[in-house]
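Encoded as structure tokens, the structure appears first; notes follow it.
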Amino acid sequence: MRRRSLILAAGSAGLVTLAGCGEDKSDKSKTSVSESPSAEAPSSAPPPKIVDGPLPAITAGTKFGEKPTVAKGTGTPSDQLAVKTVIAGGGQTVAENDYIQANYLGQIWDTAKVFDNSWDRKTPLVIQLAQGSIIDGWRYALTGKKAGSRVEFSVPPTWGYGKSGNSQAGIKGTDTLVFVVDLQETFNAKSSAKGKAVAQDDAKLPKVGTNTDGNAPSIEVPKVDPPKDLVANYVLEGDGAAVGAQDSVLVQYKGVLWDNGKEFDSTYGRKSLTSFGLSQVVKGWAQGLTGKKVGSRVLIVVPPSLGYGDNPPQGSGIGKDSTMVFTVDILAKM
């Protein structure tokens, strides 16, 4: 049985949790590709054959990072998955179930109508390449590609939105789709923050390890009384965008109790990243991560008033009025 995240806010009826780590679907409205029927009922179609074409030409915006313009498809599109690496990157290889950060454009083969693109939103998509999270065509086309690559591919209905299409996006059940995806980064259970180490010179605060090998950092809790106020300090300071109070983030984290240093929750132990909106988590997390930069590792010390108070999650190992200590790696903003 997969352990549930313990960082979500407790309301008057008790702890409100996600279905499981990394399964937050609250941001689906930002992109049509995540609103696939497979998100509700994963496709039972067999894997497609990967073929070279045909694929329409990219006529403008041909460099990585530029919004592309793609010609109308000509002739009959493949009934399999046509995939072409337009620009080969040299970064980490994407594996199925990884999270990716990417800019993308999607249009309909027959009409060249663009139904969605992230460039206009000025926000890359961050999503897990997992069955039920995104249309199957993306999983099969992007697995094995490297970060830094531009990939063009066509997706017939079987591995797209099925016979029902996607009426919100103007996609019929017979439409073949064309995507251009710029893979910026990929994240998995071994991902870490990569920021610059910041001095940890307050002897009254926990000291957090600065390893960036994907293993859980150590947390050394001093044998003193915990602070009464929230602490949110950089351990590694990244150079990414600042996290806003309404943002969602992709993170690695570990939590221990101040009193005894006992670990009670960890993405490292589950070998699975997690994503959530800051409006979903305990106040100490929401306040502690707001304003922090992507790519950072942050020490957060959460007093009971900003954590679970006298109503901790049942079976969590967290006592009443416990002070919690977290190390949080902010991998991406979603």
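One table, with the values for the structure above:
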{"item": "Positions within the range 138-169 being without any contact (Cβ under 8 Å) to a residue 60 or more places away in the chain and either among the β-branched types (Val, Ile, Thr) or farther than 20 Å from Gly89 by Cα (or both), in sequence order", "result": "Thr143, Pro157, Lys163, Gly165, Ser167"}
{"item": "Tyr308 being of a type in the set (Ser, Thr, Tyr), touching a strand residue (DSSP E or B) at 6+ places or on another chain (Cβ under 6 Å) and assigned to a loop (DSSP other than H, G, I, E, B)", "result": "yes"}
{"item": "Residue that is farthest from Gln101 (Cα to Cα), among those in the range 276-295 that are touching a Gly at 6+ places or on another chain (Cβ under 8 Å) and charged (D, E, K, R)", "result": "Lys283"}
{"item": "Residue within the range 151-167 that is of a type in the set (S, T, N, Q), in the same structural domain as Arg270 (by TED's automatic domain parsing) and modelled with pLDDT of 95 or more present", "result": "no"}
{"item": "Given (1) among the charged types (D, E, K, R); (2) more than 23 Å from Gly148 (Cα to Cα); (3) in contact with an Asp or Glu (Cβ under 9 Å, 6 or more places away or on another chain); (4) surrounded by 16 or more Cβ atoms within 10 Å (Cβ to Cβ), number of the condition Glu237 does not satisfy", "result": "(3)"}
{"item": "Single residue of Ala193, Ala199 found to be within 20 Å of the chain's Cα centre (by Cα) and either in the same structural domain as Thr123 (by TED's automatic domain parsing) or of a type in the set (A, V, I, L, M) (or both)", "result": "Ala193"}
{"item": "Residue within the range 320-329 that is part of a loop (DSSP other than H, G, I, E, B), crowded, with 22+ Cβ neighbours inside 10 Å and under 27 Å from the mean Cα position of the chain (by Cα) present", "result": "no"}
{"item": "Check on Lys271, under 16 Å from the mean Cα position of the chain (by Cα), more than 16 Å from Val208 (Cβ to Cβ) and surrounded by fewer than 23 Cβ atoms within 10 Å (Cβ to Cβ)", "result": "yes"}
{"item": "Scan of the range 172-207 for residues that are surrounded by 15 or more Cβ atoms within 10 Å (Cβ to Cβ), touching a Lys or Arg at 6+ places or on another chain (Cβ under 7 Å) and either farther than 30 Å from Ala130 by Cα or not hydrophobic (A, V, I, L, M, F, W, C) (or both), ordered by number", "result": "Asp182, Gly195, Gln200"}
{"item": "The range 167-176: number of residues that are outside any loop (DSSP other than H, G, I, E, B) and either in contact with a helix residue (DSSP H, G or I) (Cβ under 6 Å, 6 or more places away or on another chain) or of a type in the set (S, T, N, Q) (or both)", "result": "3"}
{"item": "Single unsatisfied condition, Ser149 versus (1) among the polar types (S, T, N, Q); (2) more than 15 Å from Leu183 (Cα to Cα); (3) over 18 Å from the mean Cα position of the chain (by Cα)", "result": "(2)"}
{"item": "Residue satisfying condition, being closer than 30 Å to Leu129 by Cβ and surrounded by fewer than 17 Cβ atoms within 10 Å (Cβ to Cβ), within set Gln246, Gln252", "result": "Gln246"}
{"item": "Residue match in the range 261-275 (condition: touching a helix residue (DSSP H, G or I) at 6+ places or on another chain (Cβ under 9 Å), in contact (Cβ under 8 Å) with a residue 40 or more places away in the chain, closer than 23 Å to Gln101 by Cβ and not in a loop (DSSP other than H, G, I, E, B))", "result": "yes"}
{"item": "Residue count, the range 111-132 (criterion: under 27 Å from Thr174 (Cβ atoms) and surrounded by fewer than 14 Cβ atoms within 10 Å (Cβ to Cβ))", "result": "2"}
{"item": "Listing of strands (runs of 3 or more DSSP E) fully contained in the range 69-166 that carry 3 or more residues being of a type in the set (A, V, I, L, M)", "result": "81-87, 99-108, 125-128"}
{"item": "Unique residue being at positive phi and modelled with pLDDT of 95 or more when the list is Gly61, Gly91", "result": "Gly61"}
{"item": "Residue, surrounded by the most Cβ atoms within 10 Å (Cβ to Cβ), within the range 59-79, restricted to residues that are farther than 16 Å from Gly148 by Cα and under 28 Å from the mean Cα position of the chain (by Cα)", "result": "Val70"}
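The values are calculated or read from the model by the stated rules, or taken from the named source; none is laboratory data. Since the model is a prediction, treat every value here as computed from it, not as a measurement. Neighbour counts are summed over all protein chains in view; Cβ atoms, including those assigned to glycine, are modelled from backbone coordinates with ideal geometry.
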